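K.L.:
This is the structure I have questions about; it appears just below.
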Amino acid sequence: MIKEPSARVQAIKPSPTLAVSARATELAASGKDIIDLSVGEPDFDTPEHIKKAAIEALSQGMTKYTAVDGTPSLKQAIIRKFIRDNQLEYAPAEIIVSCGAKHSLFNLFAAVLNPGDEIIIPAPYWVSYPDIARLMGAIPVFINTDHTQQFKMTPAQLRNAITSRTRLVMLNSPSNPTGVAYSRTELEALADILLEFPDVLIATDDIYEHTLWQAQFCNILMSCPALRDRTIVINGVSKSYAMTGWRIGYAAGPTWIVGAMKKIQSQSTSNPTSIAQAAATAALNGDQTCISVMTMAYRARHDYIVTELGNIPGIVIQPCDGTFYTFPCIKEWIRGNKQIVDDVAFSEYLLNEAGLAVVPGSAFGAPGYIRISYATNMDKIQDAVKRMQTAVEKLQAAAVN
Ligand code: PMP
Ligand code: GLU
């Protein structure tokens, strides 16, 4: 028997963020003193009123299949959310609810990408975009950016990357892993380029929409309504409402795309969990103050960590607009060190020497950086900063001797 998975599976790797986090959990379980700054997951519990809605749904017997693409009440809540937050109007047939935004993206890529199609992905990127695209046989085309350009692609870079085979352009703002958000004006300039290429589809991953303090949220469609017939908006409740485990994400876009996603979903997962949908409905319809409470906490942690890590020689860190990540550049530091040759070795060193789990920038298509998630409490963050300072000083001393 040939014990070999399909070529499709062999073309991809497991999610590196989940892998680092699993390793951190394993080490902690074996008794090691580990601070996990790897996974991007709110440390807050899901707000009470949301949990209550799920419990009520359960007691009312909402334990059956629902419509494949989501319950009518959740779809209505999503429609209202788009009007309230984004001034975008959608009909129910233009909305689909899935098992997390990752699943929405998977369905989208499966729905529109043919083998050999190109998908433009600005780097640094969220780890799953290229591999989901590869699963579909599509070719990721990266646009490289760095901290000197605030990790934002320029209109010229976008134009240069588009070819006759480009099918989809992927946008994510505020960005995982950089924490940077495009301004409305910057999005307008990118939209001007996209208007020149009417066959190119656009996906905007807005999962960090509310985890933003430095600017007013705007996505490409809000900046340029003319792109409506080829833009798909991806969002979900994981980050905004601390609901990662509930697995509810959603997409909004043209009916031919949403319909295709629904067809795929009907042949794979069917509907997302019924009671999680009831919880998501309560999250979107209910009091929104829980969002600002969490966002302000992330901001305070951000301000602390950016200031403190910025004082470590050789580490270049810039303020973020939102999210709960920071993406310091360690290139200068690596250059001055013979033992630690790259971001992967640096991350390994932090894990083994300081008990700090971070994700190497290479996982996001940006070698020479590390991603630090500060979705953890302030005590741990303060401890982590101290550990990082000590670990770096120790290496520097070793390099000098
Ligand atoms: N997009 C981005 C940019 C993310 O960081 C995440 C985090 N997991 C997701 C999508 C997927 O979120 P979820 O599947 O939990 O809704
Ligand atoms: N988006 C989170 C992260 O980047 C969760 C892990 C994942 O789904 O990859 O850490």
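FYI, it's all coordinate maths here, none of it is from the lab. Please read all numbers here as calculations on a predicted model, not as lab measurements. Please note: Cβ atoms are built from the backbone with ideal geometry, for glycine as well, and neighbour counts cover all protein chains shown.
K.L.:
What are the semi-axes of the equivalent ellipsoid for the range 147-238, taken as the square roots of 5 times the Cα gyration tensor eigenvalues, largest first, in whole Å?
P.N.:
Ellipsoid half-lengths, sorted descending, are 21, 15, 12 Å.
K.L.:
Let me ask something additional. Expressed in nm to one decimal, what extension gain is obtained for the pair residue 30 and residue 48 from 0.36 nm per residue of sequence separation less their Cα-Cα distance?
P.N.:
That pair, residue 30 and residue 48, stretches by 3.2 nm at full extension.
K.L.:
Separate question: Sort 392-398, 159-165, 270-276 by the packing proxy (mean of other Cβ within 10 Å over each peptide's residues), most packed first.
P.N.:
Highest to lowest by the protection proxy: 270-276, 392-398, 159-165.
K.L.:
Please report, in cubic angstrom per residue, the volume enclosed by the convex hull of the alpha-carbon atoms of the range 48-285.
P.N.:
Here the figure is 112 Å³ per residue.
K.L.:
For the pair residue 192/residue 300, report the inter-label distance in nm, with labels modelled 7 Å from Cα in the Cβ direction.
P.N.:
About 4.2 nm, to one decimal.
K.L.:
Sort 291-300, 315-324 for me by packing, meaning the mean count of neighbouring Cβ atoms within 10 Å per residue, highest on top.
P.N.:
315-324, 291-300
K.L.:
Same structure again: Of all DSSP beta bridges located in the range 48-285, what percent are antiparallel, nearest 5?
P.N.:
Around 30 percent of the beta bridges assigned by DSSP in the range 48-285 are antiparallel ones.
K.L.:
While we're looking at this one, here's another question. Given a Förster distance of 45 angstrom, what is the FRET efficiency for residue 292 paired with residue 114, based on the Cβ-Cβ distance and rounded to 0.05?
P.N.:
The computed FRET efficiency comes out at 0.60.
K.L.:
Restricting things to alpha carbons, find the Rg to Rh ratio for the chain using the Kirkwood radius for Rh.
P.N.:
0.97
K.L.:
On to the next question. So how tilted is helix 255-266 from the main axis of the chain? Cα-based, degrees 0 to 90, rounded to 10.
P.N.:
80 degrees
K.L.:
What pairs in 13/338; 51/239; 51/262; 3/263 have C-alpha atoms more than 19 Å from each other?
P.N.:
13/338; 51/262; 3/263
K.L.:
Using r as the Cβ-Cβ distance of residue 270 and residue 332, and R0 as 45 Å, what FRET efficiency do you calculate, to the nearest 0.05?
P.N.:
FRET efficiency, residue 270 to residue 332: 0.30.
K.L.:
Could I ask something else about it? Modelled label-to-label distance, residue 316 and residue 255, 7 Å Cα→beta-carbon offset: nm?
P.N.:
Label at residue 316, label at residue 255, 5.1 nm between them.
K.L.:
Give me the dipole magnitude in Debye, nearest 20, for the chain about the Cα centre, with unit charges on the beta carbon: positive for Lys and Arg, negative for Asp and Glu.
P.N.:
That gives a dipole near 680 debye.
K.L.:
I want to check the label-to-label distance for residue 60 and residue 164. Put each point 7 Å from Cα in the C-beta direction and report it in nm to one decimal.
P.N.:
5.6 nm
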